[in-house]
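The values are calculated or read from the model by the stated rules, or taken from the named source; none is laboratory data. The structure displayed is predicted, hence computed values, not measured ones. Glycine gets a Cβ as well: all are built from the backbone with ideal geometry, and neighbour counts include every protein chain shown.
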Amino acid sequence: MRQRALLAMIMVVALAGQALAQGGLADYRSKSPIGPDDRQAIAHWLAAQCKKLAAPTDGDFAAMTTARAAILFDGRREAAWSKDYVQAFGEEAIKALQAVEKQSLGTEARLNVVMTVADLRRIEGIPFLEKILTGDPYSATKFWAAKGLSEVADVVVAENKLREEQEVSQSLASAIQNETDPFVLYYLFDTLGHFDHESAHDALAAGVVKAAPRLNAADPVAVQAIVLMTKAVERAYASDVRPEAKTRLLSAFAALCADVMPPTADPTVMAGINASLEKVMGEGVGFQPTETPVLQKLALMEWVEKLVKAKKIPARPALPPAVERVIKESTGVPPEAPPKAPEPAPKATDPPAKKAAEPAAK
């Protein structure tokens, strides 16, 4: 009888532990304040879920996905949940995910950890996402880090976290330097477009100049990144009062004008660049949206020349070779001729000195 009672007790404890691991945080979601014991229970539940994320049993990726979904469910900011619980859960979740990321993880597990941090949209997760973005070798994890920073940008702005805004802008400026993936660049510029700090404007201007030549406007993702860049530069120019910042932002506009080449996946992209320039400059160059893409491109190049002549930008950006050729032809300056082949060397049996000494034929 006693053995049966002991077995029943063990079963109760086991089932209670299983219930906690599967979502037994319902009793804590409305609690305020959250005490040390409550935090310990939340951390215990998160450790169980993170274990599934890090080490799927026999390739059971369904359990990994289920664990991720469970963490994200309790990571929501529900109106009925106490602010103390939302804050405590977010802090403990990021700590647990950072701890498991330091383990030797498979590709799928590592991706799920990064995706979870990204989707939690927590300010505490920003350093983790920045580290992945600038130091991870996998394109999929870098994509989710960039996406996560884009998603948490709204929280940074809403909570007026100026220090985080500045730090993220500096991280993005570094990440853009060598980034070529249009998916990643899309979210990097989307993040910068949310911010209105001076450091964000500087990172945006320098980033557009750096990234524009790498984006092929015929690619649907790349052209959407260009659209984001254009709108972000327009907003930054309208907001920033620093003369040097305005110069840098106009240089970013010039880079867009120079590097966006037809055919484009979005037929309105060049018209959008022109419209933004007309708005910030208060004048135009006679751009006609109904004209052919080639003529629209020439009109954008008129903007570049206009900005240079008015000394709004220090120099014309480097142009693609095809654009250089068209500009020279349209202005009457012929393209540079290819260098002539060198003259063949004289034969050893017929030295120049001997030929010069021969009398001319009469």
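With respect to residue 244, determine if the residue is in a helix (DSSP H, G or I), free of Cβ contacts under 8 Å to residues at least 12 places away in the same chain and in contact with a Gly (Cβ under 6 Å, 6 or more places away or on another chain).
On the way: in a helix (DSSP H, G or I): yes; free of Cβ contacts under 8 Å to residues at least 12 places away in the same chain: yes; in contact with a Gly (Cβ under 6 Å, 6 or more places away or on another chain): no.
It is false that residue 244 is in a helix (DSSP H, G or I), free of Cβ contacts under 8 Å to residues at least 12 places away in the same chain and in contact with a Gly (Cβ under 6 Å, 6 or more places away or on another chain).
When the residues of the stretch 214-262 are narrowed to those that are surrounded by fewer than 16 Cβ atoms within 10 Å (Cβ to Cβ) and among the acidic types (Asp, Glu), which ends up nearest to residue 191 (Cα to Cα)?
Once the filter is applied, the top-ranked residue is 219.
In the set 280, 221, which member is part of a helix (DSSP H, G or I), in contact (Cβ under 8 Å) with a residue 40 or more places away in the chain and β-branched (Val, Ile, Thr)?
Exactly one residue qualifies, and that residue is 280.
Exactly one condition in (1) touching a residue at least 24 places away in the same chain (Cβ under 8 Å); (2) buried (at least 16 other Cβ atoms within 10 Å of the Cβ) is not met by residue 265; state its number.
(2)
For residues that are of a type in the set (A, V, I, L, M, F, W, C) and at pLDDT 95 or above, scanning just the stretch 302-337, find the one that is farthest from residue 257 (Cα to Cα). Quick ask: steps written out before the conclusion?
Keep residues of the stretch 302-337 that are of a type in the set (A, V, I, L, M, F, W, C), which gives 303-304, 307-308, 310, 313, 315, 318-319, 322-323, 326-327, 333, 337.
From what is left, the residues that are at pLDDT 95 or above are 303-304, 307-308, 310, 313.
Details: 303: 8, 304: 7, 307: 11, 308: 13, 310: 16, 313: 13 Å.
If we take residues in the stretch 302-337 being of a type in the set (A, V, I, L, M, F, W, C) and at pLDDT 95 or above, then 310 is farthest from residue 257 (Cα to Cα).
Do you know which of the residues in the stretch 90-117 that are part of a helix (DSSP H, G or I) and among the hydroxyl-bearing types (Ser, Thr, Tyr) is surrounded by the fewest Cβ atoms within 10 Å (Cβ to Cβ)?
Of the residues in the stretch 90-117, the ones part of a helix (DSSP H, G or I) are 90-101, 107-117.
Adding the requirement that they be among the hydroxyl-bearing types (Ser, Thr, Tyr) leaves 107, 116.
On the way: 107: 10, 116: 27.
Restricting to residues being part of a helix (DSSP H, G or I) and among the hydroxyl-bearing types (Ser, Thr, Tyr), the top hit is 107.
In the stretch 151-167, is there at least one residue being under 27 Å from residue 223 (Cα atoms), of a type in the set (Lys, Arg) and at pLDDT 95 or above?
no
Residue 211: buried (at least 22 other Cβ atoms within 10 Å of the Cβ), in contact with a Phe, Trp or Tyr (Cβ under 8 Å, 6 or more places away or on another chain) and among the aliphatic types (A, V, I, L, M), yes or no? First the steps, then the outcome.
Values: buried (at least 22 other Cβ atoms within 10 Å of the Cβ): yes; in contact with a Phe, Trp or Tyr (Cβ under 8 Å, 6 or more places away or on another chain): yes; among the aliphatic types (A, V, I, L, M): yes.
It is true that residue 211 is buried (at least 22 other Cβ atoms within 10 Å of the Cβ), in contact with a Phe, Trp or Tyr (Cβ under 8 Å, 6 or more places away or on another chain) and among the aliphatic types (A, V, I, L, M).
Being over 19 Å from residue 213 (Cα atoms), aliphatic (A, V, I, L, M) and outside any loop (DSSP other than H, G, I, E, B) is the filter here, so list the residues in the stretch 283-306 that pass it.
Selection gives 295 alone.
Every residue in the stretch 133-166 that is small (Gly, Ala, Ser) and surrounded by 15 or more Cβ atoms within 10 Å (Cβ to Cβ), please.
Restricting attention to the stretch 133-166, the residues satisfying the condition of being small (Gly, Ala, Ser) are 135, 139-140, 145-146, 148, 150, 153, 158.
The answer is 140, 145, 146, 148, 150, 153.
Take the residues in the stretch 30-89 that are of a type in the set (S, T, N, Q) and not in a helix (DSSP H, G or I), then tell me which one is surrounded by the most Cβ atoms within 10 Å (Cβ to Cβ).
82
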